[in-house]
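To start, the structure itself, in structure tokens.
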Amino acid sequence: MLKVENISKSYTDTQKRVDVLKGVSLTISAGENLAVVGPSGAGKSTLLHIAGGLDRPNEGKVLLNGQDLYRLADAERSAVRNATVGFVFQFYHLLGDLTALENVMLPLIVKGNAGARTREIEEKALQRLNDVGLGARADHKPNQLSGGEQQRVAVARALINDPALLLCDEPTGNLDSASGSAVIDLLFSLNARDRRTVVIVTHDEALARRATRIVRIRDGVLEN
Ligand code: ADP
Ligand code: MG
């Protein structure tokens, strides 16, 4: 499903070069659930962004369903990403002026879906909210929702294009343990029930131990 081959990534600021990823390789099979665990600053977010086609590596390649992501033109890469990958971030990134339903609809509206009618998009989005247990909150704005509910809305949004792969960056990092646990249950059910491949990046060892497979990263190097 996803193959990361010998990825390196550095940033150069005014003073010096920072090597964030130093030759990272990782193969993830379809249907896996995987935790990438490591301390803050280890390069987890950078790896996730590169793996999902959001950030170009300096060296190495990323094969997503056999397609060499960074050899594609930007528009093609975006199209592959939108069709295949859903992202969940620590801080939800919901738009405050929009309802939960509108936030979930947004990826399809932004895409300028010429053919699909708003009504169809709305029904699809409502179905996704139902899938994450928030159908009854569809008309609520983010500030009327708890953190855990906001993250579940973000998961529903990530699911709108029915992605085979979910990449989650510290999805519980901003949540208390009960609502964090509910979000993790949800993500694992998307793996177990829907056979989606789920990758969860976290610095939380206890959370990581719930995944079927754990990969450790430290100072830009995978430990196993
Ligand atoms: P993690 O998610 O494991 O906490 P990150 O991938 O966010 O780690 O960052 C790894 C290192 O790369 C950190 O030292 C961070 O400061 C540095 N870094 C990340 N993004 C940038 C950037 N855009 N410019 C410069 N340095 C960056
Ligand atoms: Mg991070």
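The values are calculated or read from the model by the stated rules, or taken from the named source; none is laboratory data. In this text the structure is predicted, and so the values were computed from the model without any measurement. So basically every Cβ, Gly included, is an ideal-geometry build from the backbone, and we count neighbours across all protein chains shown. All accessible areas refer to the heavy atoms of the entire protein, side chains included, with ligands and DNA or RNA removed. Shrake-Rupley method; radii C 1.70, N 1.55, O 1.52, S 1.80 Å.
Summing +1 for each Lys or Arg and -1 for each Asp or Glu among the other residues whose beta-carbon sits under 10 angstrom from that of ILE28 gives +1. The residues of the chain expose on average 48 square angstrom of accessible surface per residue, using a 1.4 Å probe on protein heavy atoms. Counting every pair of alpha carbons in the chain, the share spaced more than 31 Å apart comes to 21 percent.
Here, P(r) means the percent of Cα pairs in each 10 Å bin from 0 to the largest distance; for region 56-182 it is 13, 40, 31, 15, 1. HIS203 contributes about 110 Å² of solvent-accessible surface, heavy atoms of the protein only, 1.4 Å probe. Ligands, DNA and RNA left out, the 1.4 Å accessible surface of region 2-223 is 46% carbon and sulfur atoms.
Taking the Cα centre of region 1-151 as origin, sum charge times position over the Cβ atoms of Lys and Arg (+1) and Asp and Glu (-1), and report the length of that vector in debye to the nearest 20. It comes to approximately 340 debye. Would you mind pulling out the separation of the Cα centroids of region 77-93 and region 136-212, in Å? Region 77-93 and region 136-212 have Cα centres separated by 13 Å. Roughly how tilted is helix 177-192, in degrees to the nearest 10 and between 0 and 90, from the longest Cα axis of the chain? For 177-192 against the chain, the angle is about 80 degrees.
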